[in-house]
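What follows is one structure encoded as structure tokens, with my remarks underneath.
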Amino acid sequence: MKREDRKQAIMDLLVEQRAVDLDDLAERFAVSKMTIHRDLDDLESEGLLRKMRGGATIESGTQFESDFRFRARQEGAAKARMARGALELIEPGMTLMINDGSMAAVLGAMLPEKRPLTVITNNAAIMDALRAEHGIALIALGGVYSYKFNGFFGVVTEETLTRLHADVAFISAPAVQGTRAFHMDDNAVRAKRAMIASAEKTCLLVNHQRFGRQALHVLADLSEFDTIITDAQPEPEARAALDRAGISLSIAGDRA
């Protein structure tokens, strides 16, 4: 098997299993452990995985978030529930800001149901989904394109946001610890912060599995958000911390 084919096969396994073992990979592909080490080093340098003792993972770490292409293929039902919950906050005629990320992309694809709308976004997947939609005034934020996050970031993005205003900003986060949301990438944090500052109201979208996790950069205190939507109850310890702080969660699909 050619090296590029083997690296693609490793990524396919990671999408299915979320983690791989070095010894298993060497046996599966009939190559040395050193060869697998080099493959994993290459993939890590491209931002596609995170090496760990004895293997690799695409699970988030304090300084790592997996590639958009792989996140987009995971937890589809949970993302759809959260997007439906977010859609209930939207009325025709509103101006919205939506950030990068695969969760936000699912919400973006649903927005034509609420047209007419003005949508401001740095998310390339949303731009692709909405650019030909009648009744959607799309404001695509420029900047430096990130292949990993499939979005636009940097000074151009941030300064443009200071000259715009929205009724609601929808912000996603890969980690919540205690009463603060975190992110691994400082450019993403600055773009999200600019959206928060430029919106009348803000909504945080976060998978319940991301509670109790931490990342390198503080994104925001949870009290800064008017609404926090998740797909299921987080672990009791994480929920207790929110309750002690008086922070409410909206569980998508929960009508109880």
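The values are calculated or read from the model by the stated rules, or taken from the named source; none is laboratory data. Quantities reported herein were computed from a predicted structural model and do not represent experimental measurements. Quick reminder, even Gly has a Cβ in these numbers, built from the backbone with ideal geometry, and neighbours come from all protein chains shown. Areas reflect the complete protein model, heavy atoms only, side chains present, ligands, DNA and RNA absent. Shrake-Rupley method; radii C 1.70, N 1.55, O 1.52, S 1.80 Å.
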Practice task
Report, by chain and number, residues whose modeled amide H sits under 5 Å from the one on residue 94, excluding near sequence neighbours (fewer than 5 apart, same chain).
Solution key: 118
Fill in the blank from the handout: Descending accessible area (1.4 Å probe), largest on the left, turns 139, 90 into 139, 90
Practice task
For the stretch 131-256, just list the percent of Cα-Cα distances falling in each 5 Å bin from zero outward, please.
Solution key: 2, 10, 19, 21, 19, 14, 9, 5, 1, 0
Exercise for the section: Return, for the Cα atoms of the stretch 215-256, the radius of gyration and Dmax in Å, separated by a comma. Expected result: 11.3, 36
Problem - Percent of C-alpha pairs per 5 Å bin, the stretch 185-224, short to long - result: 5, 18, 30, 29, 14, 4
Practice task
For every helix of n ≥ 4 consecutive DSSP H residues, a contribution of -39,500 (n - 2.57) applies; sum these over the chain, divide by its total residues, and give [θ] at 222 nm rounded to the nearest 500 deg cm²/dmol.
Solution key: -11000 deg cm²/dmol
Problem - Spatially proximal lysines relative to residue 51 (Cα-Cα < 19 Å; intrachain offsets below 8 disregarded) - result: 7, 33, 148
Practice task
Please give the per residue volume of the convex hull enclosing the alpha carbon atoms of the chain, rounded to a whole number of Å³.
Solution key: 131
Practice task
Enumerate the amide H contacts of residue 201 below 5 Å, restricted to partners 5 or more residues apart or on another chain; note that Pro and chain-start residues carry no placed amide H.
Solution key: 168, 169
Fill in the blank from the handout: Using alpha carbon centers only, the stretch 148-197 is separated from the stretch 129-145 by a whole-angstrom value of 17
Problem - Calculated from backbone phi, Karplus (6.51, -1.76, 1.60) coupling profile of the stretch 180-194 in Hz, x at Gly/Pro - result: 10, 9, 10, 8, 7, 10, 5, 5, 5, 4, 5, 5, 5, 4, 5
Exercise for the section: Output ³J(HN,Hα) for the stretch 131-146: one whole-Hz value per residue in order, computed from phi by the Karplus curve 6.51 cos²θ - 1.76 cosθ + 1.60 with θ = phi - 60°, and x for Gly and Pro. Expected result: 4, 10, 7, 5, x, 10, 8, 9, 10, 8, 6, x, x, 8, 6, 10
Problem - Per-residue SASA entry for residue 165, accessible area with 1.4 Å probe, Å² rounded to 10 - result: 110
Handout entry: Scattering profile of the stretch 96-143 at q = 0.16, 0.18, 0.27 Å⁻¹ [log10 I(q)/I(0), Debye over alpha-carbon scatterers]
Key = -0.33, -0.42, -0.99
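Where a ≥ b ≥ c are the square roots of the eigenvalues of the C-alpha gyration tensor, would you call the stretch 116-184 rounded, which needs a/c under 1.5, or, failing that, prolate if a/b is larger than b/c, or oblate?
Details: a/c = 1.67, a/b = 1.49, b/c = 1.12.
Note, shape of the stretch 116-184 comes out prolate.
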Practice task
Hey, could you get me the Stokes-Einstein D for the stretch 184-256, Kirkwood radius over alpha-carbon pairs, 4 °C and 1.567 mPa s, rounded to whole µm² s⁻¹?
Solution key: 97
Completion exercise
Under the Karplus relation with 6.51, -1.76 and 1.60 and θ = phi - 60°, whole-Hz ³J(HN,Hα) for the stretch 204-210, x at Gly and Pro, equal 9, 10, 8, 5, 4, 6, 8
Exercise for the section: Compute the distance in nm between two label points, each set 7 Å from the Cα along the Cα-to-Cβ direction, one at residue 200 and one at residue 177. Expected result: 3.6
Completion exercise
Within the set 175, 132, 197, GNM on the chain using Cα springs under 10 Å gives the largest fluctuation to 132
Problem - Segment residue 144-residue 27, extension gain: residue separation times 0.36 nm, minus the distance between their alpha carbons - result: 38.1 nm
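Test of understanding: what is the full-extension gain from residue 156 to residue 214, defined as 0.36 nm times their sequence separation minus their Cα-Cα distance?
Values: separation 58, 0.36 × 58 = 20.88 nm, distance 2.81 nm.
Result: 18.1 nm gained on full extension.
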Handout entry: Two-site label geometry, residue 41 and residue 248: point separation in nm, points 7 Å out along Cα→Cβ
Key = 5.4
